[in-house]
Structures are given as C-alpha cells and as structure tokens.
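Down below is the structure, laid out as structure tokens.
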Amino acid sequence: MSSVAKGTRRGVGAPNRAVSIRIVLGVFLIVYLIVLPSYFAESRYILRVITTASVLSFISLGVWLTFTIGRINIGQGAFALIGGYATAILSTKFGVSFWVCLPLSGLIAGLTGIIFGLGILRLKGVYFAMITLSLTEAVRLGFLSGGDFTGGAPGISNIPLPDELGLFGITLIPDFGKVDTHIAFYYLAAVLLILGLAVIWRISSSRLGWIFKSLQQDEELSRSVGINVARYRVMAYAICCFYGGIGGAFFTVSQQSIYPSVFGVLDSLFFILYCFLGGLAFVAGPIVGAFLLFILFELLHEFQQYQQLIYSLLMISIMLWLPNGLLSLRLPAAFWRSRNIRD
Amino acid sequence: MKLLVNTFRLFLVGFVLLAFGVTTSQAANKVLKIGHIGVMSGPAASWGLINKYAALAGAEIINEDGGFEIGGEKYDIEIVSLDTKQDPRVAIAGAERLVYQEGIKYIIGPNVDDTTRAVLPVFEKAGAFNICYGWHRELFTSPSKNTALGMIAGYQSAPVIYKYLKEQRGVKSLACVPRNDASGLNSRDSCVAAADQLGIKITSSDSTYEPNTSDFFPIMGRIIGQNPDLIVLSGVAPADAPLLIRAARELGYKGLMSTETAMDANIITEIAGEMANGYISVGGASAPELRTDEMKRFIERYSKVAGEWNDEAGTKVYALEMLLQTLRVAGAAAIDDIEIFKAAMPKVNAEDPFIKGGKARLKWVGQGYFDQLRQVSTPMVITEFKDTDFVTLFIGYVE
Amino acid sequence: MEQVIVNSLILGMNYALIALGLTLIFAIMNVLNFAHGQMYVLGGFITYYALQVLHLPFVVGLVASVVVLVLVGLLSERLLFRRAIRVSTREESTMLLAAGLALLLESLILLFFGEKQRGMPPIISGVYQVFGVYIPAGRAFVFAIALASLIGFVTFMQFTRPGRALRAIAQDKEVTALQGVNINRYGALGFGLGAGLTGLAGSLLATIFAVNSGLGTAVSIKAFIMVMLGGAGVVSGAIAGAFVLGFLESFGYAYMPGSVTYMLIFAGMIIFLVFRPQGIMGKPWG
C-alpha cells in the first residue's frame, strides 16, 4: 500500500501503474460491497464477522496514525468507550438521532483526545505506552463509578437502532429496524471503513503525512525547521481518538447496549497488534491485521480448548518471521516489474 | 493490494468450507444440538468452563444410555460450545454462529449479566431460547421472553438466609462486600433491601473491590473496623471467597460470613481451611447427603470430563436436563420452534433426579419474581462449610 | 490506623517482589514484558502443584518455581526476543511479542493446571498481635523472605561482577559492548534472572494470595504502574514505586468507597507522569 502511495506521489510518471491500481481497487470494492454481502446475505453470522472486523479495522486506523508520529498508543479503548457512551447517553437520555450521535461521538472523543493529548503527548516510547494504558483503565473505572448518568456496572441497554435519515422527504438511509439489520450494519461499517481509509490515505500521502513522519524520525529536527511539533502531534492524536469514538458509537448501536468493560486494556492492545501484523509501513496494515486476527479466531472455534493456544502460536510466529507485517511480503513479480521498467 | 484480494479469497474459501464441511455423523440416532456460550479464557474462565463441563457430562451420560427420547424418537445430544472471551463482540459473533450457522435453538449461557445483555437481541431475533446465569431481573421480565434464569438469584436467597441467621444466630448488623461488577453490585442492592426489610442494620455496603484483587487485607480492614455480626460477600467469585474469608479471620474477625452463590468446597478447603468453618453459601444438588445415584453418576462423569469435581456444578447440572425435559413434554416439533417449547413450559413437572427426598420437582418457576415462568427450579440448598465439606442447613424452593 | 500502615508495608513488600523482575528485564533488554503476570502465575502454580498435589515441602516448591521460570526466561530470550530484536525495524515489536507470549503462557497454564483458583494454607499458621495490630504469621514469613531476596538481589547487582555488567548494560548497551562484555550472554542472564525473580514472587505470594490462570494481565498492569511510578529500568525505583502503590491502595481502600481508589490511582499516575516522566527515581528515557 505504501508503494501505492509512492506511486501516486510520483503520479505523472506512472500512468500504467495508476491504472492497474485502480483496477485492483475496483475489484476489491466490488468484492467488498457487492459480492460478499450478496453471497452471504443469508448467512448472518459471516456478515456479522466481516462487519465487526471492518469496524475494528476502522478503529485501528486511528492507532496507525499515532504510530506514524512515533507513539505506541494503548489508549484507543478509552476513546472507543467514550464514543460509545456518548452515543448511548445522547440517544437514550436525550433522544438524539443516531445520525447526529455518530459524528458527535467522534467529536467528543476527539476533543477529549485533545485535552489529554496536550499533557501526555510530551511523553515518548514506553512511557507514552504505559500512560495510555493507564488511561484505558482510568476511563473504564470512571464510567463504572458514574452513577445514574452512565448506568454504573450494568451500563445502558435498550439503545435504539439507527432511525431513518431523510432530506426533504427523501429517505437517504432507511430505518434499521425495518430492513435487514445485518445488511444495514454491514454497509454502515463498509462505508465507515472506506471513508476512514480514504481519509487516512489522503493524510499520509499529503504534506501533513510527511510532517507526521518527520515527528517519528526526530522531533527536535522537525522543530528546528519550524514545524509546530506540539500542534501536529495533538492533531494526529485527536484524529486517532475521533476514529476510536466513531467505532465505539457503532458497536454501541449495533449491540444495542454498552457497559464499562466493553473496551479494555486487552482491546487497546489488540488494536496495536492489528497494525503491527498488517505492517506499520502500510496504510492498509491495520485492516489486514484486524481481518486476519478476528476471522482467524472465529475459524479456530473448531479446535475448542486449543483455540487460544493455536491463536497465540500463530501470532508469535508472524511476529518472529514477518516482523514488519504481512504486507511486507513481496508483492507479485508483475507488480514490481512494471515499476522497475519505468524506473 | 493484491495481497488483500488474495487474503480475502482465502477467507472466502475458509468460510465456504466451514459452511458446508462439518457435521455428517452416521449415528443411528438423530442428533440434537444444544449450544453453550460462555467465557472460557481469561480471568473468569472457570464460570464458562463449569457450564461446558456440566453440559458435556450430562450429554455423555444420555448418549451412553442410548439417547434422549422425544416424540418416540431417540436423539443423541451434541454440545456445541463457544468462548466469549468476555468480549461482547466475540459473544455476539458466537451467538450468531450458534443460531444461524449451526441452526441451534436452545442454548446454555452466557454466565454474566454483561455478555448476556449483549447476546439477548440476537437470540430474541433468531427465535432461540437460552438459560443464562446473569441475574438482573430485566433479563427475565417481559418484553424479554426467550431467556430463563438457570440458578437461584441473590435477591431470592438473600432474604431467606438473613431471616434464618436473624432468628437462629441473632444477627443484628451486617456489612456487604460486593465485587465491583454488574452481578456483584446487583446482589449488593438486593442484600441491602432484604436487610432493611428484616430490620438488620447495615454497617457498610460501598466497600467494593475490583475483580482480580489479590490482597483483601485493605478492604477487609475497613469492614471489620465497623464490627458487623455478619459479613456478606455479594456476587463473590468462587476464587475470591476463600481469600476474603482468610483475610477477615486473620484480621481477628470472629463473626459470621455468608454469600448468595454456589461455592467450591475444594478451593475453600485448600486456601482457607478451618478458617472457613461456618461460612454459609447456597449450593445445588451437591451436598453429599443429598446426592441421588443419578447425581453421583453425574459427579463421576463430570470429574472425568473436567479433571476434578466442582460443587458449583451442582446448580449447573439442571440446565441441560430442563431443556430436554421440556422438549420431551413439548414434542419433536419444538426442536425447531421455541414457541411450542414456551407453551409447554408450564406443563413440565417431573421428579428432580439429582436430589434425594422426593420433594424436589423439576419445573419452571419464577412467576413471583418475573411475572412469567422463566427460572429453572434449582433447589436452594443453604449450606454451612464444616472442615472440608458443606453441611446442609435447610432446603428452600423458589416459586 | 496502625493496622493500615502495617498493611501498606506488607503489601508494598509483596509488590516490590513482583516489580523487580519486570524492571530488570526492561533495564537489560529494553523489553516491556507483557508476559510478566503470566510468568508470575506459572511460578505460583508450580509451587501449588509441588505442595498440594505432590505433597512436597514448601522449599522444594519454591526452588522448582524459580528454576522452571529461569528456564522459561532463558528459552524465551533465546528463541523469541533475541531474534525479534535483531530482525525487527521497530523496538515496539518486542512488546507485542511479549503480549503474544502472555497469551501463549496463559492458554498453556489453563490447559495444564485447569480453570480453578488454586491456593494453599499459610506456610506458618497463626496470627501475631502487636500493639493491637494483627500480623498473620504467613504474611510475616513472606515479608521476611521477600526482604531477604531483595537485599540479596541488590547486593548481587552492586557487588558482583555479573551484577556490575548488568548495570552497565542497563546504562549504556553500546559502550558496555565496546568494553568487551558479551551482550548476548548477559541479556540471557538478565532475562533468566528477571523471570526467576518473577517465579519467586509467584511462588511466595501464592501462599497468601492464591493463583488462577487468568490472573496474569492484572498482575502485569500493577507491575507496570509500580515500574512507571518509580522510574522504568531502575531497581531502586521499582521498589519505591511498589511501596507507593502499597500505601495508596491500603489507604485508599481503608478510607474511600472501593471503586474510586483505583480510578484515583490511575488518574494520579497520569498526572504525575506528565510532570515527571522519569518517575520518582528514573533517568529520563526516550
């Protein structure tokens, strides 16, 4: 995927490659948006698995962005929880429509991220990792002791499904309760993921992306060439938290309930793992990682009590033999050949 | 990008294989699949595993005897068991796998309020029926109709236990130590309500502890400072109970202690030993003097499946039995339609095969609590720990 | 009040024992060992098995736990971390590898030792009562052994040749390597020692806290807090952090409603680290 990004940057010189990328992208979109949902229309379980993996990928995309500024972020679970509770409270206590709650949850998580980020982004390395891990726990305990407002330990249930979204009497999105909810949530997740990926892709291949990467290399150096380091790293972190908030809102409404342990330290850790397994150098890394790991876990059901054992062994093997991610596997020869000729 | 497509293709193939591959057994009997879903890894692993082992042991015994008869036909029981990892996303995926992929209508689990809440909409929508071990009343009252409580809830046993302790042991004040999760806090609230009604003074109810606490000295220190006659461990995990008991005794506490849930005698003996003497808890058909031959056989089989007997399974033995008994009453049509099953629920009334005395019945109860019959008639066996085992104080029944 | 202070001291000492292994591995290898808690649990289970199943004396269980954990540490260093450090372009990958190891150990422990909580009666029974303060003999015993091991460990680090080499590596790996110290061998030693200490902690504390297969993550998180509070990679820091956490927890639970305590500890730690990233005693890192 990074070679793809490089291609677009080189742009003018590689029209053929750009075309082949478009074709691959098109095929991918057709499979994702048309083939999969129609093939599995009757199999709700598989739809649900792909839906969940999509939104987990979406949340991990945010974590991936904090990796580009050189931070290990084990705090994404906290923001997914914040987004989730925002949607739960707004929709049950104030009757706000889900379509308002969704962006609002992202914004609330993003704003909270800015407030926290101003303080904690001064830390680096393991210290940042640990402080974000503590943040996950602190936020979970905060919601746990939130009294009536957050519903305490049992949380909030009976959260309504997304209602109809219309404009001038034309239905843009139907009421989820009146259509096949699995298909509806599948498409909601798919749209979120595609938009989310597009935005992150755009960021990482723009000037902003280069600034982020320069922060990862050397913050002092970046500062010396006149980059406002503090502002840019808070910006990256806020975008990350925004993704977390949106993802949390999605899960809240798709499972129609939320409670404090919905997202915990383990979830935060898994978001990082997804990025790693896919490959940190690639925008699509978190997506490949999340799909692989989540679906792998489901496939291993057949092995009953050995499920977790096999799962962890596979995880370790990938870390050992593909330390830079699955996507670091060589792309097919034809793909490279066309580029080499051009070079 | 190509890789992505490749990966996807791989997944597709995997799914298709899964969808068509499995389960072609050549047994003479038809196969009846019963689902189990629960947490079987991580800190709470024991909760789900007990249910799984109990269901497996029950199924093995039935299959060994030639299957279970419903509508004149014999069925072999197959348990399909899935781990929730205590994660609502995994739980929902698992629930949908059971109901849609495996076509299962009757499910045992989940074990806690949290994940039960997450999977309920799935079962409701797919028309599946489950017996769960979360407690919250909301789960069993209308409009929720497809879930039944598999054991005695804290709000049912608490008043009975306190009344007994007030009358027989002169308890005038008590302190609650709840585990800080949905089940613990819920059970704390029912403890407070029951004590209020009986006029027992509550010295403390907000000293919660986090799941996974290992040192209970700090928390017990505070409780004992107020010197209550009785310390109630609300929603306590079987793992925490002996440690709490030990901490209290080591801090010089001399009074009574009790809980509303089932405990494991082996663990208590190992960790607390004689310090746990007098500890009052609620068991099922596990107390040695109550066991029927049927129960002894179950215990033997359970020990083989799980490696070791666990007294908590004395309340979990009922879930599979109740599902099957009700299916027998409802007839074979109910296997694919839970409406027929639900209609037959009031008609179930058989002798409890696991407990001696002939007084206990297998039936659906809970009318008084939930306004519908959504609870398994697990006997409420109030026991007291003595040396290495539980001694029965008295047996109660929920109506 | 006296009781609370005594509780804090005992708890702090227990925690110090837990934190040492983690901070050692971190100092030497720069690996944040997410499998720390699972190693602790393994140590506890081995002692349990020796005592309750094989009916061996406690000393045997203790030694067995330490030996097995040293082996686990050496093996995972040799087979996993050494390679990961060499091939990976990012240092974080060792952290995630450790997370993978944590899952692996957890599932193995679950398979071998089962799902039940396991424990044993105190090694010495009875309760001392000093000035109205209750001190269970079992806890006093663990306190004494923990104190002895702590002193032993610090002496080893300060006054022996391998100890000095380890400290040198912790301070500056490259320079130490230039001095002719075999980094690989000492890395293995550090990892083995760290894991062994964790096994010791698990073994001792299992006699008062009991263990279960899922306890690991919680132990890891607590150990992280202590190490971060004290200053990562500094032995004295880990001990300081442990006692601070012991006091906070004891006083918090004694005077506040339960769930608030840990929320305040986490929030306090975040604020503390924002203003003093190097912890109580650490050097600035990263």
Do we have residue B:105 as in contact (Cβ under 8 Å) with a residue 12 or more places away in the chain, in contact with a Gly (Cβ under 9 Å, 6 or more places away or on another chain) and buried (at least 24 other Cβ atoms within 10 Å of the Cβ) here? yes
Restricting region B:70-119 to residues that are among the basic types (Lys, Arg) and part of a helix (DSSP H, G or I), which is nearest to residue B:146 (Cα to Cα)? B:117
Which one of the conditions (1) within 11 Å of chain B (Cβ to nearest Cβ); (2) over 18 Å from residue A:75 (Cβ atoms); (3) surrounded by fewer than 24 Cβ atoms within 10 Å (Cβ to Cβ) does residue A:264 fail to meet, given that it meets all the rest? (2)
Could you please let me know if residue A:249 is among the aliphatic types (A, V, I, L, M), assigned to a helix (DSSP H, G or I) and either without any contact (Cβ under 8 Å) to a residue 12 or more places away in the chain or farther than 30 Å from residue B:185 by Cβ (or both)? no
Residue in region B:196-205 that is surrounded by 21 or more Cβ atoms within 10 Å (Cβ to Cβ) and under 23 Å from residue C:251 (Cα atoms) present: no
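Identify, from the list A:78, A:88, the residue that is of a type in the set (A, V, I, L, M, F, W, C), modelled with pLDDT of 95 or more, part of a helix (DSSP H, G or I) and within 15 Å of the chain's Cα centre (by Cα). Before you say what the answer is, go through the steps one by one.
Numbers: A:88 fails: within 15 Å of the chain's Cα centre (by Cα).
Of A:78, A:88, the one residue that is of a type in the set (A, V, I, L, M, F, W, C), modelled with pLDDT of 95 or more, part of a helix (DSSP H, G or I) and within 15 Å of the chain's Cα centre (by Cα) is A:78.
Looking at region A:267-288, which of the residues that are in contact with a Phe, Trp or Tyr (Cβ under 6 Å, 6 or more places away or on another chain) and farther than 17 Å from residue C:94 by Cα is nearest to the other protein chains (Cβ to nearest Cβ)? First the steps, then the outcome.
We begin by selecting, within region A:267-288, every residue in contact with a Phe, Trp or Tyr (Cβ under 6 Å, 6 or more places away or on another chain); these are A:275, A:280, A:283, A:286.
With the extra rule that they be farther than 17 Å from residue C:94 by Cα, the set shrinks to A:283, A:286.
On the way: A:283: 11, A:286: 12 Å.
Among those residues, the one meeting the criterion is A:283.
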Could you list all residues from region B:275-285 that are in a loop (DSSP other than H, G, I, E, B) and polar (S, T, N, Q)? B:277
For region B:323-356 the number of residues that are buried (at least 22 other Cβ atoms within 10 Å of the Cβ), in contact (Cβ under 8 Å) with a residue 40 or more places away in the chain, touching a helix residue (DSSP H, G or I) at 6+ places or on another chain (Cβ under 8 Å) and farther than 17 Å from residue B:108 by Cα is 2
Taking the condition of being among the basic types (Lys, Arg) and buried (at least 22 other Cβ atoms within 10 Å of the Cβ), how many residues in region B:371-399 meet it? 1
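Checking the conditions here, which among A:123, A:118 is at the interface with another protein chain (Cβ under 10 Å from one of its Cβ atoms) and not in a helix (DSSP H, G or I)? So that I can check it myself, show each step before the final result.
Details: A:118 fails: not in a helix (DSSP H, G or I).
Criteria check complete, one pass: A:123.
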Could you grab me the full set of residues in region C:185-204 that are surrounded by 24 or more Cβ atoms within 10 Å (Cβ to Cβ) and within 19 Å of residue C:105 (Cα to Cα)? C:191, C:193, C:194, C:195, C:196, C:197, C:198, C:199, C:200, C:201, C:202, C:203
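This table checks each residue for (1) within 18 Å of residue B:214 (Cβ to Cβ); (2) under 16 Å from the mean Cα position of the chain (by Cα); (3) assigned to a helix (DSSP H, G or I).
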| residue | (1), (2), (3) |
| --- | --- |
| C:198 | yes, yes, yes |
| C:205 | yes, yes, yes |
| C:222 | yes, yes, yes |
| C:239 | no, yes, yes |
| C:242 | yes, yes, yes |
| C:247 | yes, no, yes |
| C:254 | yes, no, yes |
| C:279 | no, no, no |
Do we find a residue being assigned to a loop (DSSP other than H, G, I, E, B) and either touching a helix residue (DSSP H, G or I) at 6+ places or on another chain (Cβ under 7 Å) or free of Cβ contacts under 8 Å to residues at least 60 places away in the same chain (or both) anywhere in region A:185-198? no
Considering every residue within region A:164-185, establish whether at least one is surrounded by fewer than 16 Cβ atoms within 10 Å (Cβ to Cβ), in contact with a Ser or Thr (Cβ under 9 Å, 6 or more places away or on another chain) and more than 10 Å from every other protein chain (Cβ to nearest Cβ). yes
Segments classed as strands (runs of 3 or more DSSP E), wholly inside region B:170-274, with at least 1 members that are more than 18 Å from residue B:113 (Cβ to Cβ) and within 11 Å of chain C (Cβ to nearest Cβ): B:173-178, B:201-204
Does residue C:135 satisfy the criteria of being of a type in the set (Val, Ile, Thr), in contact with a strand residue (DSSP E or B) (Cβ under 8 Å, 6 or more places away or on another chain) and either outside any helix (DSSP H, G or I) or touching a residue at least 24 places away in the same chain (Cβ under 8 Å) (or both)? yes
Going through region C:216-238 one residue at a time, which ones are of a type in the set (Val, Ile, Thr) and within 14 Å of chain B (Cβ to nearest Cβ)? C:217, C:219, C:221, C:225
Does residue B:299 meet the test of being touching a Phe, Trp or Tyr at 6+ places or on another chain (Cβ under 6 Å), without any contact (Cβ under 8 Å) to a residue 60 or more places away in the chain and part of a helix (DSSP H, G or I)? yes
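The values are calculated or read from the model by the stated rules, or taken from the named source; none is laboratory data. Source: prediction; values computed, not measured. No Cβ is skipped: glycine too gets one built from the backbone with ideal geometry, and neighbour counts run over all protein chains shown.
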